[in-house]
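Structure first, commentary second.
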Amino acid sequence: MRACKSTHVVLLLLVWTYSALNTEAAWRQQSIVSPQVYKDRRVTFRLRAPEAKKVGVKAQFQQGLQPMTRNEDGLWSVTLGPAKPEIYEYSLVVDGLEIVDPSNSWLKVWRKNSKNLLEVPGEPPMFFQQQQVPHGTVHIHRYRSKTLGVTRGLYIYTPPGYETDQNIKYPVLYLLHGMGDTEDTWTVVGRANVIVDNLLAKSKAGPLIIVMPYGHTPSAPPDMRSLGNYRAFEKDLIEDVIPYVQARYRVNRDREHRAIAGLSMGGGQALAVGLGNLELFGWVGAFSSAVPRGQEFDNLMEKPQEINGKLQLLWVGCGKKDFLFQANQKLIERLKADNIKHVAHITDGSHQWRLWRQYLDTFVPLLFKTEK
């Protein structure tokens, strides 16, 4: 009997010791600050990996894999920069395996992979930084898409003051993400809600609601080259999303108060859906767009008088180093040749969020004004 009790005590001690060691290890990991951003805009990355042979970091503001050094406790670190004020992606590489930073919960999550994000603040604050201004609300919804036969996600931004005056109706922007993104990307990475909060506080834009749907469809994965493969998304947006929003939010229901815009794949969707439904949308924006090609899109473009008569704004933005720049340039040339009224916003830069945040900051103040 004593032997059994002794064995039981020993087992309890072993379990307690193992648990204590794991708790200490977890605490040591959680106590690591990574990334650490300094006032001079340098950034330190850290990772505890005592058994690793080689550790490095891939940071968007620094070219190539940057090696990290190990101290006697197995803590690897490196300080990089200074970096320009911006939001950057990064990942860690441990013995050839690329991983996310376990000390940083801010992630950009694609459909099939993810990377960490970090913010290097500016002084004065950048347009995408949270500031001491009134803030709107981001609502998260799940809705049943009857057209697709699945349940899908939907993010909706309402401006400051939406809850206080129940008599005001708002214009609405349907804002679309890119290939591989999800419905939360425009808030998590694009900072759409923060950008609009700051615009409203400075009276650079009027209050609006932003609807951010999920752009991929199970029945027809969008193809950058074909308008036809946007049909499934178009049906979901028009037959499910818009009625869902109108039933639950105080939005204006005429096309003069409804806009559609998107980036990359979402830019192609915005062009296809917006130009194909001029009775629904009065404002169209394409950011680094995957320009649709094919006879169906050609047919839409062959109605310049109708486009000019119904659209308040057709806005096309792209960076000169973007792999989609040539396609956007051809689109702009065609708009000019066909005398279709538009705004061409050509900038430096490539296919990246740095530009798309800027484009949103430029595009929103143009919306829902009476003059074209």
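The values are calculated or read from the model by the stated rules, or taken from the named source; none is laboratory data. Worth saying up front: this structure is predicted, and the values here are computed from it rather than measured. Ideal geometry is used to build each Cβ from the backbone, glycine not excepted, and the neighbour counts take in all protein chains shown.
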Any residue in the range 249-263 that is at positive phi, hydroxyl-bearing (Ser, Thr, Tyr) and in contact with a Phe, Trp or Tyr (Cβ under 8 Å, 6 or more places away or on another chain)? no
Those residues of the range 34-57 which are within 13 Å of Ser77 (Cβ to Cβ) and hydrophobic (A, V, I, L, M, F, W, C) amount to Val43, Phe45, Leu47, Ala49, Ala52, Val55, Val57
Residue set Val55, Val133, Val78; condition touching an Asp or Glu at 6+ places or on another chain (Cβ under 9 Å), over 30 Å from Val211 (Cβ atoms) and modelled with pLDDT of 95 or more; output residue Val55
Counting only residues that are in a strand (DSSP E or B) and crowded, with 17+ Cβ neighbours inside 10 Å, the range 81-107 contains a total of 9
(message) Given the criteria of a type in the set (Phe, Trp, Tyr), at pLDDT 95 or above, closer than 23 Å to Trp106 by Cα and not in a loop (DSSP other than H, G, I, E, B), does Tyr157 qualify?
(response) yes
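To keep it simple, each residue is scored yes or no on (1) surrounded by fewer than 17 Cβ atoms within 10 Å (Cβ to Cβ); (2) among the aliphatic types (A, V, I, L, M); (3) modelled with pLDDT under 95.
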position	(1), (2), (3)
Leu278	no, yes, no
Val291	no, yes, yes
Asp298	yes, no, yes
Leu367	no, yes, no
Thr370	yes, no, yes
Selection status of Gly309, over 22 Å from Thr362 (Cα atoms) and assigned to a helix (DSSP H, G or I): yes
Note: among Leu335, Leu311, just one is closer than 15 Å to Leu271 by Cα, touching a Gly at 6+ places or on another chain (Cβ under 9 Å) and buried (at least 17 other Cβ atoms within 10 Å of the Cβ), namely Leu311
Of the residues in the range 235-265, those that are farther than 13 Å from Ile210 by Cα and of a type in the set (A, V, I, L, M) come to Leu237, Ile238, Ala247, Leu263, Met265
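A quick yes/no check of all residues on (1) in a helix (DSSP H, G or I); (2) more than 28 Å from the chain's Cα centre (by Cα); (3) exposed (fewer than 15 other Cβ atoms within 10 Å of the Cβ):
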site	(1), (2), (3)
Cys318	no, no, no
Lys321	no, no, yes
Ala327	yes, no, no
Asn339	no, yes, yes
Ala344	no, no, no
Phe363	yes, no, no
